[in-house]
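The values are calculated or read from the model by the stated rules, or taken from the named source; none is laboratory data. Quantities reported herein were computed from a predicted structural model and do not represent experimental measurements. FYI the Cβ positions are ideal-geometry reconstructions off the backbone, even for glycines, and counts take in every protein chain you see.
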Amino acid sequence: MVDLRTQYERLKADIDNSVAGVINSTAFIKGPDVGLFEEELQRYLGVRHVISCANGTDALQIAMMALGLKPGDEVITTNFTFIATVEVIELLSLKTVLVEPDPGTFNISVEAIRKAITPNTKAIVPVHLFGQCADMEPILELAHSHGIHIIEDVAQATGAEYRFSDGTVKKAGTMGTVGCTSFFPSKNLGCYGDGGALFTDDDGLAAMIRSITNHGMKVRYYHDTIGVNSRLDTIQAAILRVKLRHLDEFNEARLKAAEHYDRELGGLPGITVPQRSAFSTHIFHQYTLRIEGGRRNSLRECLENEGIPSMVYYPVPLHMQKAYLHLGYGADDFPVTTRLSGEVLSLPMHTEMNDEQLSYITGCIRSKFN
Ligand SMILES: *Cc1c(COP(=O)(O)O)cnc(C)c1O
């Protein structure tokens, strides 16, 4: 699904040099590269604060802690996402309110959010799924008019851009109260282990986030709030500094591969290629087809027999996951999510795909669907 090796070989001299530099300095925790990476990412995103942490799941949890959400507060998010998004809501004893995605873009439905808001709603977590922004303008309007925080889950969309109706363009993760991302190796901006970060323009919130990532202290050994231990390793920060310089080029390469897929698979009966929304760029963390007529699993097997990997993101809606049955939803409560779970198929997508690989994959699919 991803080819981290070829990418590494292309960047090897710079990466090896940066990693060796950290090891030579022995500044493994909070070395200079951590602060420098935060500043460079801040500049890239056009946001006032970037605070790094240990992974994307921590980033989401820290955001909810820093906003002072209390047990019972309702948090609205999409049923069609990776488990991390709801896991942290439940860990903090907040109340998870799941809503349907839009079947075209896979992103959270604005209408569904509107219907789910109650006086107890304290936050909305739009997930910019598969590399394309959720429709943030109406979501922000809803949030402002109800005094609700927006926590953007940017794990799959670092570098994507949203265009507002007045022409303003903003990077994913810089529109809401706080943005949370992951640097897991396969993400668009990935390190060589775990990593994550939070973005915000709010100075007070940034200070609170920084304190929570560091055991709730501002002055050493004086603990003002309950915190966690969540740090980005210096070695990972050094790697990310190299890779951030290539992020736009990485995302461009993904887009090229997606265009090849679109061209070859676009007209096939029973296959729907990913819908592009007018308001967002798509940086294709995943290239995800919808396969109708119950043929998804047989296509997947067929690809496997030809040595082509594919994945189902995500096979089971969150409301049907064993650990989340206590949320109390009925099996039929989310027809859109349920249908998508049965139809989606993600194809190999990374920065190193060549025409030969793409043609082999699309040729195999075309032979089955023509
Ligand atoms: C990857 C991912 C996360 C979690 O990131 P980790 O760094 O693996 O903890 C959260 N949300 C979404 C949508 C993701 O894809």
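Let's see how each residue does on (1) of a type in the set (K, R); (2) more than 28 Å from F82 (Cβ to Cβ); (3) surrounded by 17 or more Cβ atoms within 10 Å (Cβ to Cβ):
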site: L4; (1), (2), (3): no, no, no
site: V22; (1), (2), (3): no, yes, yes
site: G31; (1), (2), (3): no, yes, yes
site: V34; (1), (2), (3): no, no, yes
site: E39; (1), (2), (3): no, yes, no
site: T57; (1), (2), (3): no, no, yes
site: L60; (1), (2), (3): no, no, yes
site: A66; (1), (2), (3): no, no, yes
Are there any strands (runs of 3 or more DSSP E) wholly within the range 36-129 with 1 or more residues that are free of Cβ contacts under 8 Å to residues at least 40 places away in the same chain and either in the same structural domain as R210 (by TED's automatic domain parsing) or not hydrophobic (A, V, I, L, M, F, W, C) (or both), and if so which? 95-99
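Just give me the residues in the range 19-78 being charged (D, E, K, R) and within 16 Å of the ligand (Cβ to nearest atom), in sequence order. Step through it out loud before you land on a result.
Residues of the range 19-78 charged (D, E, K, R): 30, 33, 38-40, 43, 48, 58, 70, 73-74.
D58 - this is the single residue of the range 19-78 that is charged (D, E, K, R) and within 16 Å of the ligand (Cβ to nearest atom).
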Out of the residues in the range 79-94 that are more than 10 Å from the ligand (Cβ to nearest atom) and farther than 14 Å from H319 by Cβ, state the one that is surrounded by the most Cβ atoms within 10 Å (Cβ to Cβ). L94
Counting just the residues of the range 133-151 that are assigned to a strand (DSSP E or B) and either of a type in the set (A, V, I, L, M) or under 9 Å from the mean Cα position of the chain (by Cα) (or both), which one comes out nearest to I89 (Cα to Cα)? I151
How many residues, within the range 175-191, are within 9 Å of the ligand (Cβ to nearest atom) and surrounded by fewer than 24 Cβ atoms within 10 Å (Cβ to Cβ)? 3
If we keep only residues of the range 321-370 that are part of a loop (DSSP other than H, G, I, E, B) and among the aliphatic types (A, V, I, L, M), then the residue farthest from the chain's Cα centre (by Cα) is M353
Of the numbered conditions (1) part of a loop (DSSP other than H, G, I, E, B); (2) not assigned by TED's automatic domain parsing to the domain that holds N214; (3) not basic (K, R), E252 satisfies every one except a single condition; which is it? (1)
If you go through the range 149-174, how many residues are in contact with a Phe, Trp or Tyr (Cβ under 7 Å, 6 or more places away or on another chain) and within 15 Å of the ligand (Cβ to nearest atom)? 3
Just checking, does the range 215-227 include any residue being within 17 Å of V47 (Cβ to Cβ) and assigned by TED's automatic domain parsing to the domain that holds T57? no
Condition check for E292: touching a residue at least 40 places away in the same chain (Cβ under 8 Å), assigned by TED's automatic domain parsing to the domain that holds N354 and more than 25 Å from K171 (Cβ to Cβ): yes
From the option list G179, G216, G173, G196, single residue qualifying as touching a residue at least 60 places away in the same chain (Cβ under 8 Å) and under 18 Å from I29 (Cβ atoms) is G196
Output the number of residues of the range 196-222 satisfying the condition of being modelled with pLDDT under 95 and hydroxyl-bearing (S, T, Y). 2
Being surrounded by fewer than 24 Cβ atoms within 10 Å (Cβ to Cβ) and within 12 Å of the ligand (Cβ to nearest atom) is the filter here, so list the residues in the range 192-212 that pass it. G193, D194
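Okay, residues lined up against (1) in contact (Cβ under 8 Å) with a residue 12 or more places away in the chain; (2) out of contact with any strand residue (DSSP E or B) (no Cβ under 6 Å at 6 or more places or on another chain):
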{"residue": "Y314", "(1), (2)": "yes, yes"}
{"residue": "R339", "(1), (2)": "yes, yes"}
{"residue": "L345", "(1), (2)": "yes, no"}
{"residue": "M349", "(1), (2)": "yes, no"}
{"residue": "N354", "(1), (2)": "no, yes"}
{"residue": "T362", "(1), (2)": "yes, yes"}
